[in-house]
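The values are calculated or read from the model by the stated rules, or taken from the named source; none is laboratory data. Source: prediction; values computed, not measured. Ideal geometry is used to build each Cβ from the backbone, glycine not excepted, and the neighbour counts take in all protein chains shown.
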Amino acid sequence: MNLHMHQPVSGHTRKGIAGMLITLLTAACQVTPHDMPANAPIRPALQAHVWQCDDGTRIQSRNRPAAIELRIGADLRMLPQTPAASGVRYQTPEMTFWNKGGSSTLERRPGTTTACSEIRAASLLEDARIRGVAFRGLGNEPGWLLEIGPDSRMLFEDRYGSARMIFTDVKPQTGTTGATTIYEGRSGKDRLRAVLQPRTCADTMSDETFPATVELEINGERRLGCGTPLH
């Protein structure tokens, strides 16, 4: 159908065209099930973070109900949440910690104010530790994540989180070298074998160094990566 702009358009026609445009735009903005991984995990927000401040201070923070717990060296403080125009602010008469996403501000009274930035890799490890994870491994191409613990549970996320497998009643086995630890899990048709070795491992994509190597076999497919013991 051709529309000639010089011709007058009735009010009824205008409403019809507007309705068509709204329908088309709404459909274009919707995400269909085919656009999303079928088993994409919903990741909860981190409950623990690690910060590095400009004055050299390193902070471990842990979310609490309407408060935040800060560990600064040997000093442990609980700061209640207070109203803020932006971000999330926690405050006592002696200290203020103002969080704005991946950055924050620490103010000591008496003392100075310093800006802090989140160390994301350290935050992921600290959050896993407080969840009871004993070992966390990861690899690339395609991206995968392995968490062992709490207890006898093993979690494997494959292909950048598009697939998730949970194995229960997994017990460690000692390898032939003595220093090697092996975990094997089965869940339905899925089979996972993880071999952990206390050997320095370098991730060439992130330039990070890890204290352990991880060799996986997932449903017959071999993967290599690095990892960190957390307990």
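Suppose we keep only residues that are in contact (Cβ under 8 Å) with a residue 60 or more places away in the chain and of a type in the set (Ser, Thr, Tyr) within segment 119-169. Which one would you say is nearest to Ala45 (Cα to Cα)? Per the stated criteria, the residue is Ser123. Applying the set (1) in contact with a Phe, Trp or Tyr (Cβ under 8 Å, 6 or more places away or on another chain); (2) not in a strand (DSSP E or B) to Tyr90 leaves exactly one unmet item: (2). Pull up segment 94-116, narrow it to residues that are assigned to a strand (DSSP E or B) and basic (Lys, Arg), then point me to the one that is surrounded by the fewest Cβ atoms within 10 Å (Cβ to Cβ). Among those that are assigned to a strand (DSSP E or B) and basic (Lys, Arg), it is Lys100.
Could you please let me know if Thr114 is within 15 Å of Gln52 (Cβ to Cβ) and either without any contact (Cβ under 8 Å) to a residue 60 or more places away in the chain or not assigned by TED's automatic domain parsing to the domain that holds Leu70 (or both)? Step through it out loud before you land on a result.
Details: within 15 Å of Gln52 (Cβ to Cβ): yes; either without any contact (Cβ under 8 Å) to a residue 60 or more places away in the chain or not assigned by TED's automatic domain parsing to the domain that holds Leu70 (or both): no.
No; evaluated as a whole, the condition is false for this residue.
Just checking, does segment 144-155 include any residue being of a type in the set (D, E, K, R), within 14 Å of the chain's Cα centre (by Cα) and at pLDDT 95 or above? Yes. Being surrounded by 16 or more Cβ atoms within 10 Å (Cβ to Cβ), in contact with a helix residue (DSSP H, G or I) (Cβ under 7 Å, 6 or more places away or on another chain) and at negative phi holds for only one residue in Leu145, Leu192, Leu230, Leu138, and it is Leu230. Just one residue in the set Leu138, Leu125 is assigned by TED's automatic domain parsing to the domain that holds Gly220, under 18 Å from Ala212 (Cβ atoms) and under 23 Å from the mean Cα position of the chain (by Cα); that residue is Leu138. Pairing residues of segment 98-110 that are in the same structural domain as Glu69 (by TED's automatic domain parsing) and within 14 Å of Val88 (Cβ to Cβ) with residues that are outside any strand (DSSP E or B) and basic (Lys, Arg), at Cβ distances under 8 Å and at least 6 apart in sequence or on separate chains, gives Gly102/Arg120.
Scoring Ile166 on the criteria (1) within 25 Å of Ala48 (Cβ to Cβ); (2) among the hydrophobic types (A, V, I, L, M, F, W, C); (3) buried (at least 19 other Cβ atoms within 10 Å of the Cβ) leaves a single failure, condition (3). Among residues of segment 74-87 being over 25 Å from the mean Cα position of the chain (by Cα) and part of a loop (DSSP other than H, G, I, E, B), the one that is nearest to Val50 (Cα to Cα) is Ala74.
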